[in-house]
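One structure is given below, encoded as structure tokens.
The values are calculated or read from the model by the stated rules, or taken from the named source; none is laboratory data. Since the model is a prediction, treat every value here as computed from it, not as a measurement. In this analysis, Cβ positions are derived from the backbone assuming ideal geometry, glycine residues included, and neighbour counts consider all displayed protein chains.
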Amino acid sequence: MSRTLSLMRAGRLLICLLILTGSLSSVKAEDVLTEVMVAKIRSVGSAKISPDGKLIAYTLSVPRAIYTDDDGSAWSELHVVDQAGRSRPFITGKIGISSIKWTPDGKGISFLAKRGDDEHKALYVIAVDGGEARKVLEHETDIGGYSWSPDGREIAFTAKPKRDKEIKKDEDHGFNAEIYEEDYLLTKVWIAAGDYDKPGPDRDEQDKPRMLPLEGSASTLAWSPDGKHLAVALAPTPLVDDSYMMRRIHVVDVGSGKSLMQLDTEGKLGQIEWSPDGRHLALVAGVDKHDPREGHLMVAAIDNPETSDLLPNYPGHIWSIAWRDNNTIAYLGYQGVWTTFASIDIDGGRQETILPVGKYTLSGLSLSSDGSSAAFAGDSPGHPREVFALRQAGGRAKRLTHSNPALEKVRLAKQEVITFKARDGLELEGILVHPLNEKKSVRYPLIMMVHGGPEAHHLNGWLTRYSLPSQVAAAQGFACFFTNYRGSTGRGVAFSKFSQADPAGKEFDDLVDAVDHLVDIGLVDKDRIGITGGSYGGYASAWGATYYSHRYAASVMFVGISDQFLSFALGDIPEEHRLVHHMKYPWEDMELMRQRSPITHFQKCRTPLLILHGQSDTRVHPAQSLALYRAVKTYGKTPVRLVRYPGEPHGNRRTGSRLDFSLRLMRWMNHYLKGPGGDPPPYELDLSGIKPDKKEEETE
């Protein structure tokens with residue numbers, strides 16, 4: 001396969017020169033999306049409707065200003081919008097707000113944050129009619145989650161106990177060895193009264209938080225409407241694997257703090273919600289311990305641990321739930337590349353579709369007290385996540401916020417849903433982002449953008465983000481394709497199990513079949529195909545660069561797997577690998593683990609490979625990237641580069657490292673799919689177009 005531009009038009013040679021001297025984003029293009037613009041995009045996080053349905057509180061993620069703010073993850077602000085779309089900023093600036101809720105009386109908004117001199121994350125309340133936020137509860141460690149009692153007088157919350165003073169003293173004197181997966185602290189459930197005058201640990205002894213004597217490590221919790229019970233998710237330990245695979249729902253007596261009942265679910269858990277009368281619990285859960293993703297709507301009576309699956313044959317995954325009344329549960333469901341908003345009675349009888357499939361991509365359902373008004377976060381091919389509201393059944397979801405006015409002036413490429421068949425006849429869906437200035441009868445370079453998981457999927461909404469910058473690529477002349485390969489969510493449990501015990505098998509053949517389809521319809525050039533993705537998508541990218549090297553001309557692997565045995569041995573989800581992904585321990589079929597590891601096929605690698613990884617990744621250990629890099633580089637048959645991000649976990653969090661990733665990804669694809677190929681582009685990035693000039697720095 002040719003990887004040079006020796007026969008290409010002279011116009012493309014100009015692009016080559018630009019690549020060699022720096023990033024394409026340095027070209028002035030105010031009317032198209034660039035990597036730098038993506039780094040500035042704001043998006044709505046959580047949206048919560050007030051009990052009376054008139055207002056919606058929401059968090060707004062605001063990336064840090066490059067070269068102005070200290071580098072770090074995005075700020076999270078608190079805003080409130082009314083049903084007419086009038087939005088007011090409540091708490092903005094350099095703040096990290098999370099876990100927003102309306103107080104039971106509907107007069108205030110509570111949230112978690114570290115403000116001012118706070119040593120730990122504390123609970124605050126701000127009145128909806130104005131005024132400064134006031135601290136209502138502070139613990140001796142960070143508050144992890146919370147739930148108000150129905151009368152608003154008490155708060156149940158999760159937090160870890162404070163480490164023993166003697167142990168802390170020993171650690172300060174050098175005895176600070178880490179005992180791996182043993183020296184953790186369990187997250188406990190506490191109950192305390194809200195107190196504006198004495199919110200912290202200095203409150204009187206009788207008013208200090210009461211720890212409930214529950215075994216295990218707590219996460220999700222919800223206070224029953226009658227005030228007598230808590231629903232609490234407990235796992236044996238706080239380890240990630242247990243939080244995925246071993247969490248169980250307990251009904252807890254508030255007075256004694258004892259567990260009265262454990263629901264009979266097994267496998268993964270999602271949201272928990274009490275019915276308004278406190279007689280039932282609704283939850284999102286997996287159907288069994290091998291279910292790749294929680295996604296079925298279960299209900300249980302408070303006096304019976306047996307759960308009922310209300311929609312056992314649901315053709316997608318249910319993601320968010322809320323009670324409309326004592327007998328009706330509303331839900332958001334993912335079906336294919338869309339979401340639907342619907343409801344069902346608790347006996348599984350009457351069902352109602354409120355917003356049908358094919359129009360919206362929504363998340364985070366929130367209902368008013370009477371169930372007549374709803375709020376969501378929603379996006380579309382034309383905008384990132386915003387606040388949407390629905391006032392009555394039978395209406396339409398209305399967009400209320402516009403957080404990126406500059407984006408509305410940008411030309412975006414056409415995006416459409418594509419259906420195709422895999423080589424074995426299985427029908428698959430994907431989302432195609434066309435080249436921005438597409439011309440008929442011209443074949444374009446293609447970037448396959450692969451989701452992680454594999455228990456995840458792409459929706460036909462806003463797909464552009466730092467690691468998969470599809471609209472940026474479209475503006476630079478690429479087609480981009482997002483495949484919901486077998487094993488993805490959104491098409492029911494059976495489809496999500498199709499890839500089990502077959503890592504890198506038919507699931508990654510599906511990606512090649514998607515490429516063939518796009519070649520067959522005349523859109524893309526088969527000799528200029530790139531692949532990228534993170535986590536399991538990084539595994540796909542490594543597989544594409546090695547086993548399928550003859551099909552891909554460039555690969556960008558992000559926090560990906562190169563060795564399946566080491567993925568089990570060095571990662572933090574060994575039981576999920578056994579129960580969900582491989583259906584066995586690695587040593588039960590070592591040859592399969594070897595053959596399905598990209599590093600086994602490194603000698604086939606002729607695809608220029610860019611590898612990027614966070615050095616603090618505990619999910620996919622950075623050694624996975626280092627091993628593949630060392631093998632490919634030493635073998636010496638193709639260009640390879642390893643980029644490591646200090647302090648970053650499984651995916652980049654900081655604004656600087658996100659932008660760095662986007663720039664390197666696009667430069668690599670341009671260099672090998674449109675540019676001169678050969679040796680890699682310079683490892684330095686040209687940031688001259690991003691940095692403030694010296695006069696501005698001196699002024700600041």
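Things worth noting here:
- Residue satisfying all of: in region 189-211; under 18 Å from S149 (Cβ atoms) and among the charged types (D, E, K, R); surrounded by the fewest Cβ atoms within 10 Å (Cβ to Cβ) among these: D207
- Complete set of residues in region 411-454 that are touching a residue at least 60 places away in the same chain (Cβ under 8 Å), of a type in the set (V, I, T) and out of contact with any Gly (no Cβ under 7 Å at 6 or more places or on another chain): V417, I431
- Residue match in region 43-60 (condition: over 30 Å from D370 (Cβ atoms) and surrounded by 14 or more Cβ atoms within 10 Å (Cβ to Cβ)): no
- Put simply, of L234, L239, L214 the only residue that is surrounded by fewer than 21 Cβ atoms within 10 Å (Cβ to Cβ), out of contact with any helix residue (DSSP H, G or I) (no Cβ under 9 Å at 6 or more places or on another chain), of a type outside the set (D, E, K, R) and free of Cβ contacts under 8 Å to residues at least 60 places away in the same chain is L214.
- Every residue from region 334-343 that is part of a strand (DSSP E or B) and either closer than 21 Å to S496 by Cβ or of a type in the set (G, A, S) (or both): Y334, Q335, W338, T339, T340, A342, S343
- Region 664-686, residues that are over 21 Å from the mean Cα position of the chain (by Cα), of a type outside the set (K, R) and crowded, with 20+ Cβ neighbours inside 10 Å: M666, W668, M669, N670, H671, Y672, L673, G675, P676, P681
- Test: residue in region 255-267 that is touching a Ser or Thr at 6+ places or on another chain (Cβ under 8 Å), under 14 Å from V189 (Cα atoms), of a type outside the set (K, R) and surrounded by 19 or more Cβ atoms within 10 Å (Cβ to Cβ): no
- Exactly one residue among D379, D370 is among the acidic types (D, E) and within 30 Å of T483 (Cα to Cα), and that residue is D379.
- When the residues of region 149-199 are filtered to those that are aromatic (F, W, Y) and touching a His at 6+ places or on another chain (Cβ under 9 Å), the one that is nearest to A127 (Cα to Cα) is F157.
- Test result for H139, more than 23 Å from A377 (Cβ to Cβ), buried (at least 19 other Cβ atoms within 10 Å of the Cβ) and not hydrophobic (A, V, I, L, M, F, W, C): yes
- One residue stands out in region 624-655 among those that are of a type in the set (D, E, K, R) and in contact with a strand residue (DSSP E or B) (Cβ under 9 Å, 6 or more places away or on another chain): the one that is farthest from L566 (Cα to Cα), namely R654.
- Within the option set G295, G267, G286, being more than 17 Å from I321 (Cβ to Cβ), of a type in the set (G, A, S) and under 22 Å from the mean Cα position of the chain (by Cα) holds for one residue only, G267.
- For Q271: the one exception among (1) free of Cβ contacts under 8 Å to residues at least 60 places away in the same chain; (2) surrounded by fewer than 18 Cβ atoms within 10 Å (Cβ to Cβ): (2)
- When V44, V36, V81 are screened for being at pLDDT 95 or above, closer than 20 Å to P384 by Cα and part of a helix (DSSP H, G or I), only V36 passes.
- Spans of strands (runs of 3 or more DSSP E) in region 218-313 with at least 1 residues under 23 Å from I344 (Cα atoms): 229-235, 248-253, 269-274, 280-285, 296-301
- From D288, D264, D303, D226, residue being without any contact (Cβ under 8 Å) to a residue 60 or more places away in the chain and closer than 27 Å to S369 by Cα: D303
- Lone qualifier among D303, D277 - being of a type in the set (D, E, K, R) and at pLDDT below 95: D303
- With respect to the stated conditions, D151 is part of a loop (DSSP other than H, G, I, E, B), surrounded by fewer than 16 Cβ atoms within 10 Å (Cβ to Cβ) and at pLDDT 95 or above.
- Set D129, D142: member being touching a residue at least 12 places away in the same chain (Cβ under 8 Å), in a loop (DSSP other than H, G, I, E, B) and under 29 Å from G257 (Cβ atoms): D142
- Residue list for region 645-666, restricted to those being in contact with a helix residue (DSSP H, G or I) (Cβ under 6 Å, 6 or more places away or on another chain) and either in a loop (DSSP other than H, G, I, E, B) or among the basic types (K, R) (or both): E648, N652
- Failed criterion for D118 (all others in (1) within 25 Å of A74 (Cβ to Cβ); (2) in contact with an Asp or Glu (Cβ under 9 Å, 6 or more places away or on another chain); (3) crowded, with 16+ Cβ neighbours inside 10 Å hold): (3)
- Considering region 155-188, and only residues there that are in contact with a Ser or Thr (Cβ under 6 Å, 6 or more places away or on another chain) and of a type outside the set (K, R), the residue that is farthest from P225 (Cα to Cα) turns out to be L186.
- Residues in region 552-561 that are of a type outside the set (F, W, Y), on the phi < 0 side of the Ramachandran plot and within 22 Å of the chain's Cα centre (by Cα): V556, M557, G560, I561.
- The criterion of at least 3 residues that are within 29 Å of T328 (Cβ to Cβ) and modelled with pLDDT of 95 or more is met by the following strands (runs of 3 or more DSSP E) wholly inside region 347-464: 351-367, 374-380, 383-390.
- Looking at A504, A474, A494, just one residue is touching a residue at least 24 places away in the same chain (Cβ under 8 Å) and not in a loop (DSSP other than H, G, I, E, B), and that residue is A474.
- Residue ID - nearest to V472 (Cα to Cα), chosen from residues in region 394-415 that are among the small types (G, A, S) and touching a strand residue (DSSP E or B) at 6+ places or on another chain (Cβ under 9 Å): A413
- Any hit, region 194-217, residues being outside any loop (DSSP other than H, G, I, E, B) and closer than 17 Å to I249 by Cβ: yes
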